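Worksheet: one structure, shown below.
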Amino acid sequence: MSNGRVAVVTGGTRGIGRAISEGLKAAGYKVAANYGGNDEAAKKFTEETGIPAYKFDVASYEDVERGCAQITAELGPIEIVVNNAGITRDTTLHRMSFDKWDAVIQTNLSSCFNLCRCVIDSMRDRGFGRIVNIGSINGQAGQYGQVNYAAAKSGIHGFTKALAQEGAAKNITVNAIAPGYVDTDMVRAVPHHVLEKIIAKIPMGRLGRAEDIARGVLFLVADDADFITGATLSINGGQHMY
Ligand code: NDP
């Protein structure tokens, strides 16, 4: 049951985020979909779904503060946050510039701090909150060419468990989802021959669909999912069973 709660989905206009935004809207939530810079995709998204899109850079605390204030003024207090925005800047460590390291850490990990910090007081005051952070199988297992991405995603899993402990007394649950490889623009950028090898390792024999991840988010944000916190839900077709 959604109770018409306001949900913010970062990176909510494309890929996995879009499926999450649409799934939440269909379930009756008031959804604000954030995006970073792709105005054309955001415009198309809003035309097709009727969900408002909010442009702010999740890597910037000031931007996030402004975005959250705007969403609260237009839709109401934010009770659900899905930290989904993410980027890759892949290369091996000996070739990795500080900029590639920093961009991924700021966008994929500091973004969680930025969003959560901006909404936590209001959630505490209201005695309700649902936070879902999108981690990754590569944050659980590591991945060649991704020390920046694996470190950021691994950080998300630790962030989730720490904040879950802080939020519990105020009925704020904090969980993570660790997707395996999902068919989005991010994965379409992986060379075909590498992708074939990856799919061969997935017991279910296919890439994930964005909707597979959205289903997990809907489960975790429900009002009656109030005893599930600090958990990581792996949705990966059986690829990683640790
Ligand atoms: P996409 O590249 O398809 O979409 C990324 C989304 O994030 C876009 O909406 C983009 O906005 C937004 N975004 C990027 N940078 C920023 C920023 N600085 N501020 C605000 N929004 C930003 O990604 P996916 O759907 O594939 O991935 C979604 C999440 O799932 C990511 O965190 C990713 O790491 C994670 N994940 C993905 C997997 C996969 O196989 N696809 C596997 C495991 C985890 P814009 O349109 O403006 O660029």
Among residues of region 68-114 being assigned to a strand (DSSP E or B) and touching a Cys at 6+ places or on another chain (Cβ under 9 Å), the residue farthest from the ligand (Cβ to nearest atom) is ILE78
### Task
Inspect region 121-132 for any residue being within 16 Å of the ligand (Cβ to nearest atom), in a strand (DSSP E or B) and of a type outside the set (Lys, Arg) and give the result as yes or no.
yes
In region 154-202, residues that are of a type outside the set (Asp, Glu), away from the ligand (no atom under 11 Å from the Cβ) and in a helix (DSSP H, G or I) total 21
Of the residues in region 6-61, those that are without any contact (Cβ under 8 Å) to a residue 40 or more places away in the chain, touching a strand residue (DSSP E or B) at 6+ places or on another chain (Cβ under 7 Å), more than 7 Å from the ligand (Cβ to nearest atom) and of a type in the set (A, V, I, L, M) number 3
Filtering region 113-158 down to residues that are touching a strand residue (DSSP E or B) at 6+ places or on another chain (Cβ under 7 Å) and aromatic (Phe, Trp, Tyr) yields PHE128
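Read-outs throughout are calculated quantities, based only on the coordinates presented, and are distinct from any laboratory measurement. In this text the structure is predicted, and so the values were computed from the model without any measurement. Here the Cβ is made from the backbone with ideal geometry for all residues, glycine too, and neighbour counts use every protein chain on show.
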